[in-house]
Amino acid sequence: MRRAETAPTEQNRQAQSAQDRQAQNIQHATIPVDNDLPETQALETAYRQELYRHRFMVTLRSTVFTLVVVAATAVLVAVLLLPVLRIYGKSMHGTLDSGDIVVSFKGSDFRTGEIIAFYYNNNILVKRVIAQAGDWVDLDENGNVYVNNQLLEESYLPSNAKAYGETNIELPYQVPEGKIFVMGDNREVSIDSRNTSIGCVAQEQIVGRIVFRLWPMQGFGTVY
């Protein structure tokens, strides 16, 4: 026996209409989407750019700080330990010439044959150590130097550089205590400890020992 379907009543129609309206309200209650918001890729690109700028600034500050420290250290070393000097004059011609740029090393123990720089009347002179305090120095008319009656072998001198030169001290001469007897390698023209106008050099006058030539490039290297 088949079941008969009844026609919808007014109450059923009203209920159905209420459900339809509720469904329409739900459909229209969606979350609005802002089409102007940046995409994920754009955000990542902006982030990378900002991170790069930050790292660049950190690196730049670190580099500038390092350069300042290096420059300050170089200045301190140049002033306190390794003064850089420019040669003027002809008294060391053949070994050091006018215009040469050299580095000196500060110290207190200077041996015979070494080249030193020292203060004299607000100038810096460069000469070679010949004798120490207490030594007796003598010269012959050919410019040969004797220290404590022994001929001083001067292989560092250019050929024909020996000369009696501007000597006016009484020979033989004893080097005073605390002093160093010095002479220029260009003996003919050098004014040095052979002359009373310069005399011997006190320790407190000494700038340092000349150890290296920076300029000219063809002479770059150790100075003997």
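The values are calculated or read from the model by the stated rules, or taken from the named source; none is laboratory data. Just so you know, these numbers come straight off a predicted model, no measurement behind them. In this analysis, Cβ positions are derived from the backbone assuming ideal geometry, glycine residues included, and neighbour counts consider all displayed protein chains.
I want to confirm something. Restricting to the stretch 207-222 and keeping residues that are of a type in the set (Val, Ile, Thr) and surrounded by fewer than 20 Cβ atoms within 10 Å (Cβ to Cβ), which single residue is farthest from residue 133 (Cα to Cα)? Residue satisfying both the conditions and the ranking: 222.
Filtering the stretch 172-206 down to residues that are of a type in the set (Lys, Arg) and farther than 17 Å from residue 110 by Cβ, which residue is surrounded by the fewest Cβ atoms within 10 Å (Cβ to Cβ)?
Applying the first criterion (of a type in the set (Lys, Arg)) to the stretch 172-206 yields 179, 187, 194.
Filter again for farther than 17 Å from residue 110 by Cβ, leaving 187, 194.
Details: 187: 24, 194: 26.
Residue satisfying both the conditions and the ranking: 187.
Considering 68, 84, which residue is under 30 Å from residue 99 (Cα atoms), under 13 Å from the mean Cα position of the chain (by Cα) and at pLDDT 80 or above?
Numbers: 68 fails: at pLDDT 80 or above.
Matching residue, one of 68, 84: 84.
What's the total number of residues in the stretch 176-217 that are more than 18 Å from residue 139 (Cα to Cα) and either among the hydrophobic types (A, V, I, L, M, F, W, C) or in a strand (DSSP E or B) (or both)? Adding up the residues that qualify gives 14. The set of residues from the stretch 103-156 being hydrophobic (A, V, I, L, M, F, W, C) and either at positive phi or in a loop (DSSP other than H, G, I, E, B) (or both) comprises 110, 133, 152. Checking the stated criteria, residue 165 turns out not to satisfy the condition of being part of a loop (DSSP other than H, G, I, E, B) and closer than 30 Å to residue 217 by Cβ.
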